[in-house]
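Note sheet for the following structure.
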Amino acid sequence: MTPQHEPSRDPQHDYVLRAVEERGVRLIRLWFTDVLGQLKSVAISPAELETALEEGMHFDGSAIDGFSRIQESDVLARPDASTFELLPWADGGSTGRMFCDIYNPHGSPFDGDPRHVLRRNLKKAREAGYAFFVAPEMEFFYFADGEPTHQPKLLDSGGYFDLTTSDVASDLRRETISVLETMGIPVEYSFHEDSPSQHEIDLRYTEALSMADQIMTFRLVVRELALERGRFASFMPKPLAGMQGSGMHLHLSLFDHEDNAFHADGAQYSLSQTGRQFTAGLLHHAREITAVTNQLVNSYKRLVVGYEAPTWVSWAQNNRSALIRVPVTRPDKTSSTRIEYRAPDPACNPYLAFSVILAAGMKGIKEGYDLPTETTENLFEVDAGRAAELGLAPLPASLAEALDEMERSELVHEALGDHIFEWFLRNKRSEWQGYKAHVSQWELERYLPSW
Amino acid sequence: MVSSYSAPSSGPLPSGAPPNELFLLYPDPPPVDLVRSLSLGGYGWTAASSHSGLIVSDDWTGAIVSLAEDAERGWLLCRDLRRRDVPVEPLLVLIPGDRLDELDERAELFDDFLIAPFHPAELDARLKHLLWRAGRGVRPEMVEYGPLRLNTETYQAQIDGKPLDLTYMEYELLRFLAATPGRVFSRETLLNQVWGYEYYGGARTVDVHIRRLRAKLGQEHANLIQTIRSVGYKLGQSRWG
């Protein structure tokens, strides 16, 4: 066939161009993530698509959180064609999206790009022979509105596993799952969580970079669909005092080609030496990485005693109060041996959270860390004295403490790189300062009448 | 058809049954020995004397262009057939043995050539081979299985007539599976054949993409792709049982 135009060099580019033409796509959103984990988007028309794919799109990064640099603010967004999907809810499906990698104008990867940070950490693991797989349990609340001036209004009064077929929230959850699946985000389970209006959707494992993209998409889909119904979805870690907060437990495993590197036949809980060392690494550096996995002032109101959230650095097979759990799996299903890291919350930046978690685990493997003894006690009932006897360290109790731990951590510094490490600390210190100087309703009620 | 020909000549089978294969011939009238050989081989034909005003029919299996008479117009026709949105393929040229140099620089204009005068058995063998290569029976750009249709020209996928939006790798995986229904492929084979290189994440990548495909196919059609325990995956059943 005589070519009508020069064919694109990359068949994936060609595929996207064809799909846009055939499906009548009118707008393509180029997505990327700022350092705080907020989704950013630049929209282009189909006419601009080919150039965007071949050359990338220049834009001024100075307005993006964590992108600002002193000398130059111009950055280049290069779409990752393998991530092209239509957004089924937007404009009758005539809007597509791709995730971007951010580059400096002269072509080197931009250090402020969280996706690049994760790519870099994944590459290190790959050089050691491992691919990193993640499956998250996403918890969130549906509220009547998102008005911050009053207490969030609950949508339902259901409880854990309640089959609340008639309520709006369940319809919303069902609809959300259907959109996620259409977008190639397979859902493992979904159910009503402990608290009224709290829901959980568990995603099927996939390779970590793709999962971080999926979490960004997930948060948007959940929020957009709720807004369409005149409701409000929130991933705030602890929106309501006295109720469970929203976590993002992560199921983690490393694969060496076909083989689950965490699995060993006949080992305790089928957990291999590599799995034990990774777990040890994660425990050893847990306090240092918490500022990244739990990055809000509010995150630390979830990590308190009395709720289903970890407070002590510990592990166990079947202990829901532990920081790391080794879920029970069928002995013949070697691919499902994994560990569950229970600290993170869904308001984190998934690219950065996966980066520091992987770095901590890999450090354990590299240095051959020993796994401490399993903690079988119910840690929700353990006090500081007993914890000291058991040799357990507490997770940071506040963002300030977590930042102190992070600032001293070579591991986190290396995993995030200078640019993000320094910017993150600066930004989060300032968030803490703002919070510290604030006089809350709780203080007024407690102190004003009597002092 | 050609504007000057209101009634182009054609040669359906004398038996009256519509032929399975219908070739466009050039020139009009076509060479007598060509017509005779095609009729003996059970092929139908229709003829055109020029490319101008020619309306390409979906029914054509391919084209046979004789360059013995007017080579220049013959090559023009070849070029025109190749430029169509759906090019007429396969395209066989008949060329006198003393003019083989014309084939130089024109490789893109034909799929095979035959030296004129030709032996009828050679024509038959070449046509059979060309048709086999083009995927006889199904239009070459379509891969179909049950409710599933994949257009490999436009990269479009449909299930039950509704568009299926896939990523490039999902599309390639589905196309590979659907091309040979019922055949079980190991995850390693799929990884090598579809991804085409040592893709990191190993065979697990295949599982992940199969799950995404099933999610997109929806509950009703998710089981189109079956897991064959400790072997791999297959799509549907073989036509041969």
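Hey, among the residues in the range B:216-241 that are within 11 Å of residue B:182 (Cα to Cα) and of a type in the set (Ser, Thr, Tyr), which one's modelled with the highest pLDDT?
The residue in question is B:233.
So, in the range A:14-38, exactly how many residues are in contact (Cβ under 8 Å) with a residue 60 or more places away in the chain, touching a strand residue (DSSP E or B) at 6+ places or on another chain (Cβ under 9 Å) and surrounded by 15 or more Cβ atoms within 10 Å (Cβ to Cβ)?
Our first condition is that a residue be in contact (Cβ under 8 Å) with a residue 60 or more places away in the chain; within the range A:14-38, this holds for A:15-16, A:19-20, A:23-37.
Within this subset, residues satisfying the condition of being touching a strand residue (DSSP E or B) at 6+ places or on another chain (Cβ under 9 Å) are A:16, A:19-20, A:23, A:25-34.
Now narrow it down to the ones that are surrounded by 15 or more Cβ atoms within 10 Å (Cβ to Cβ): A:16, A:19-20, A:23, A:25, A:27-34.
Qualifying residue count, the range A:14-38: 13.
Quick check: is even one residue across the range B:147-155 away from chain A (no Cβ under 14 Å), of a type in the set (Ser, Thr, Tyr) and either under 30 Å from residue A:16 (Cβ atoms) or surrounded by 14 or more Cβ atoms within 10 Å (Cβ to Cβ) (or both)?
Residues of the range B:147-155 that are away from chain A (no Cβ under 14 Å), as a first pass: B:147-148.
Okay, now just the ones that are also of a type in the set (Ser, Thr, Tyr), so none.
No.
Return yes or no: is residue A:412 among the β-branched types (Val, Ile, Thr) and without any contact (Cβ under 8 Å) to a residue 12 or more places away in the chain?
Details: among the β-branched types (Val, Ile, Thr): yes; without any contact (Cβ under 8 Å) to a residue 12 or more places away in the chain: no.
Considered against the rule, which asks whether it is among the β-branched types (Val, Ile, Thr) and without any contact (Cβ under 8 Å) to a residue 12 or more places away in the chain, residue A:412 comes out as no.
Can you tell me which residue within the range B:159-194, out of those that are within 11 Å of another protein chain (Cβ to nearest Cβ) and closer than 18 Å to residue A:13 by Cα, is surrounded by the most Cβ atoms within 10 Å (Cβ to Cβ)?
B:166
Let me confirm something: among A:253, A:246, which residue is buried (at least 18 other Cβ atoms within 10 Å of the Cβ) and more than 14 Å from chain B (Cβ to nearest Cβ)?
Just one listed residue meets the conditions, A:246.
State whether the residues of the range A:364-381 include one that is over 24 Å from residue A:132 (Cα atoms) and either among the basic types (Lys, Arg) or touching a Gly at 6+ places or on another chain (Cβ under 6 Å) (or both).
No, that holds for no residue.
I'd like the full set of residues that are away from chain B (no Cβ under 14 Å), under 19 Å from the mean Cα position of the chain (by Cα) and under 20 Å from residue A:11 (Cα atoms), limited to the range A:70-127.
Within the range A:70-127, A:100, A:101 qualify.
From the residues in the range A:82-101 that are touching a Leu at 6+ places or on another chain (Cβ under 7 Å) and buried (at least 20 other Cβ atoms within 10 Å of the Cβ), which one is farthest from residue A:224 (Cα to Cα)?
Only one residue fits best here, namely A:100.
Go through B:70, B:33 for me and flag whichever is under 20 Å from residue B:119 (Cα atoms) and over 24 Å from the mean Cα position of the chain (by Cα). Talk me through it step by step, then tell me what you get.
Details: B:70 fails: under 20 Å from residue B:119 (Cα atoms).
Only one candidate passes the filter, namely B:33.
Which residues, counting only those in the range A:83-118, are in a loop (DSSP other than H, G, I, E, B) and either in contact with a Cys (Cβ under 9 Å, 6 or more places away or on another chain) or of a type in the set (Gly, Ala, Ser) (or both)?
First pass over the range A:83-118, keeping only residues in a loop (DSSP other than H, G, I, E, B): A:84, A:87-90, A:94, A:104-108, A:110-113.
Hits for the range A:83-118 are A:90, A:94, A:107, A:108, A:112, A:113.
Checking the condition out of contact with any Lys or Arg (no Cβ under 7 Å at 6 or more places or on another chain) and surrounded by fewer than 24 Cβ atoms within 10 Å (Cβ to Cβ), which residue from A:286, A:343, A:280 passes?
Numbers: A:286 fails: surrounded by fewer than 24 Cβ atoms within 10 Å (Cβ to Cβ); A:343 fails: surrounded by fewer than 24 Cβ atoms within 10 Å (Cβ to Cβ).
Only one candidate passes the filter, namely A:280.
Answer yes or no as to whether residue A:318 is exposed (fewer than 15 other Cβ atoms within 10 Å of the Cβ), of a type in the set (S, T, N, Q) and in the same structural domain as residue A:293 (by TED's automatic domain parsing).
Details: exposed (fewer than 15 other Cβ atoms within 10 Å of the Cβ): yes; of a type in the set (S, T, N, Q): yes; in the same structural domain as residue A:293 (by TED's automatic domain parsing): yes.
Yes; evaluated as a whole, the condition is true for this residue.
Out of the range B:30-53, which residues are modelled with pLDDT of 80 or more and of a type in the set (A, V, I, L, M)?
Going residue by residue through the range B:30-53, those that are modelled with pLDDT of 80 or more are B:30-39, B:43-50.
Once the filter is applied, which keeps residues that are modelled with pLDDT of 80 or more and of a type in the set (A, V, I, L, M), the range B:30-53 yields B:32, B:34, B:35, B:38, B:47, B:48.
Can you report the number of residues in the range B:200-231 which are hydrophobic (A, V, I, L, M, F, W, C), within 11 Å of chain A (Cβ to nearest Cβ) and touching a Ser or Thr at 6+ places or on another chain (Cβ under 7 Å)? It would help to see each step written out before you state the result.
First pass over the range B:200-231, keeping only residues hydrophobic (A, V, I, L, M, F, W, C): B:203, B:206, B:208, B:210, B:213, B:215, B:217, B:222, B:224-225, B:228, B:231.
When the remaining residues are screened for being within 11 Å of chain A (Cβ to nearest Cβ), the result is B:203, B:206, B:208, B:210, B:213, B:215, B:217, B:222.
Of the ones still in play, those that are also touching a Ser or Thr at 6+ places or on another chain (Cβ under 7 Å) are B:208.
Number satisfying all stated conditions: 1.
For the range A:246-272, which positions are farther than 17 Å from residue A:326 by Cβ and either of a type in the set (Asp, Glu) or at pLDDT 95 or above (or both)?
A:246, A:247, A:248, A:256, A:258, A:259
Out of curiosity, is residue A:337 within 28 Å of residue A:240 (Cβ to Cβ), in the same structural domain as residue A:419 (by TED's automatic domain parsing) and crowded, with 20+ Cβ neighbours inside 10 Å? Working first, answer last.
Values: within 28 Å of residue A:240 (Cβ to Cβ): no; in the same structural domain as residue A:419 (by TED's automatic domain parsing): yes; crowded, with 20+ Cβ neighbours inside 10 Å: yes.
Considered against the rule, which asks whether it is within 28 Å of residue A:240 (Cβ to Cβ), in the same structural domain as residue A:419 (by TED's automatic domain parsing) and crowded, with 20+ Cβ neighbours inside 10 Å, residue A:337 comes out as no.
Among residues belonging to the range A:404-451 that are hydroxyl-bearing (Ser, Thr, Tyr) and part of a helix (DSSP H, G or I), point out the one that is farthest from residue A:113 (Cα to Cα). First the steps, then the outcome.
Within the range A:404-451, the first condition is being hydroxyl-bearing (Ser, Thr, Tyr), and the residues that meet it are A:409, A:430, A:435, A:440, A:447, A:450.
Next, only the ones that are part of a helix (DSSP H, G or I) stay: A:430, A:435, A:447.
Values: A:430: 21, A:435: 27, A:447: 45 Å.
Ranking the candidates gives A:447 first.
Check whether at least one residue in the range A:178-197 is within 16 Å of residue A:346 (Cα to Cα), more than 14 Å from every other protein chain (Cβ to nearest Cβ), of a type outside the set (Lys, Arg) and in contact with a Lys or Arg (Cβ under 8 Å, 6 or more places away or on another chain), and report yes or no.
Scanning the range A:178-197 turns up no residue that is within 16 Å of residue A:346 (Cα to Cα), more than 14 Å from every other protein chain (Cβ to nearest Cβ), of a type outside the set (Lys, Arg) and in contact with a Lys or Arg (Cβ under 8 Å, 6 or more places away or on another chain).
Looking at the range A:256-272, which of the residues that are out of contact with any helix residue (DSSP H, G or I) (no Cβ under 7 Å at 6 or more places or on another chain) and either among the basic types (Lys, Arg) or within 14 Å of chain B (Cβ to nearest Cβ) (or both) is nearest to residue A:362 (Cα to Cα)?
Step one: filter the range A:256-272 for residues out of contact with any helix residue (DSSP H, G or I) (no Cβ under 7 Å at 6 or more places or on another chain), giving A:256-259, A:265-272.
Then keep just the ones that are either among the basic types (Lys, Arg) or within 14 Å of chain B (Cβ to nearest Cβ) (or both); that gives A:256-259.
Working: A:256: 13, A:257: 17, A:258: 19, A:259: 17 Å.
Within the range A:256-272, the match that is nearest to residue A:362 (Cα to Cα) is A:256.
Pairs needed: first member in the range A:160-178, at pLDDT 55 or above; second member anywhere, assigned to a helix (DSSP H, G or I); C-beta distance under 7 Å; at least 6 residues apart or different chains.
What qualifies is A:172/A:225; A:172/A:226; A:175/A:225; A:176/A:221; A:176/A:222; A:176/A:225.
Determine if the range A:41-60 includes at least one residue that is touching a residue at least 24 places away in the same chain (Cβ under 8 Å), surrounded by 15 or more Cβ atoms within 10 Å (Cβ to Cβ) and more than 30 Å from residue B:163 (Cα to Cα).
No, there is no match, as no residue in the range A:41-60 is touching a residue at least 24 places away in the same chain (Cβ under 8 Å), surrounded by 15 or more Cβ atoms within 10 Å (Cβ to Cβ) and more than 30 Å from residue B:163 (Cα to Cα).
The values are calculated or read from the model by the stated rules, or taken from the named source; none is laboratory data. From a predicted model like this one, the values you see are computed outputs, not experimental measurements. Please note: Cβ atoms are built from the backbone with ideal geometry, for glycine as well, and neighbour counts cover all protein chains shown.
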